[in-house]
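Read through the structure below, which is laid out as structure tokens, and then see the notes.
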Amino acid sequence: MQPVSQTEVAYDWIKAELLDGRLMPGAKLKIAELQARADVSVAAIREALSRLTTEGLVHAIPQRGFVVAPISKADLKDLTAVRIEIETKCLRKSIEAGDIAWQGQLKAIWHQLENTPHFVSPESETLNPAWTALHSDFHDALISACGSVWWLKLRDQLYAQAERYRRLLLPYAKTARNPDAEHKAIVEATLARDADFACSLLEAHLRQTADLLLASDAPFEDVAGAATRLKTERPLTRA
């Protein structure tokens, strides 16, 4: 196995900080501070930030350097519409082309996800990192048999953007939901090869997440006074 490069280490670490909301929207990304925290070279930090800029998670601002991409209701609505368009197409193609091995992988990941606690303890409101990782694996597995490298690349970029919104803003959501029931219904329709029903369930699942966030009092950039309500630190909490 090839050793992991410093750039890859820096990229993975900064991306995790972005997705988990520890680097807040609009915040200036100071290269020296990131370098000290990640314990990698300055060049690795710059390369990682450039890569994250191409993915839309970071913006490069002339005379200011790098900043965390802002969040807005308009962007979330647009992102959700495009994500639904691409992800349902990927799911439909996966249902058409997926073999027994793909079905087995989906069943295995779903079994792990439904048996993993959402939170670090029954008393805690902090999301379990193991559940978060499996949740990502689950959505990856659903569409992994679609057969198009470019569709999957586009979908992965959209998923990362949507995850940043979800993890950052869920603490503001006022309505509870049952994601296990939603995931189970999607799995059952997918394994039954009912593409129309599976895609409609996936669309409803993605749209409900966006609707919950849009209806919340989250600090979107295009809502008056939002900037003053952004917290500097916040754990992942209950949906």
Full-extension gain in nm, GLU55 to VAL149, via 0.36 nm per residue minus C-alpha separation = 32.2 nm
Any idea how far apart GLU33 and ALA108 come out in nm if each label point goes 7 Å out from Cα toward Cβ?
-> 4.2 nm
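Using only helices, what value at 222 nm comes out for the chain when you add -39,500 (n - 2.57) per DSSP H run of length 4 or more and divide by the total residues, to the nearest 500 deg cm²/dmol? Mind showing how you got there, number by number?
On the way: 9 runs with 144 residues, N = 239.
Taken over the chain, the calculation gives -20000 deg cm²/dmol.
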Which of the cysteines in the chain are isolated, no other cysteine C-beta under 4.7 Å?
-> CYS199
If you build a Gaussian network model of the chain, linking Cα atoms that sit under 10 Å apart, which residue out of GLU163, GLU87, GLU188 swings the most?
-> GLU188
Taking just the C-alpha trace of the range 73-214, give me its Rg and Dmax in Å.
-> 14.8, 43
Order of 54-67, 6-19 by packing, highest average Cβ count within 10 Å first?
-> 6-19, 54-67
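Give the peptides 179-185, 200-206, 107-113 in descending order of average Cβ contacts within 10 Å, highest first.
200-206, 107-113, 179-185
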The simple spin-label model distance between GLU188 and ALA133, using points 7 Å out along Cα→Cβ, in nm, is 3.0 nm
Determine which aspartates and glutamates satisfy two conditions relative to LYS174: a Cα distance under 15 Å, and not lying fewer than 8 residues away in the same chain.
-> GLU125, ASP211, ASP217
Treating cross-link reach as a plain straight distance, find the lysines whose alpha-carbon is under 25 Å from the alpha-carbon of LYS15, omitting any fewer than eight places away in the same chain.
-> LYS28, LYS30, LYS73, LYS77, LYS153, LYS231
What is the Cα centroid distance between the range 140-198 and the range 96-137, reported in whole angstrom?
-> 12 Å
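Only the coordinates and a few stated rules stand behind these numbers; no lab work does. All values reported here derive from a predicted model rather than from experimental measurement. Positions of Cβ are generated from backbone atoms using ideal geometry, with glycine treated the same way; all protein chains shown enter the neighbour counts.
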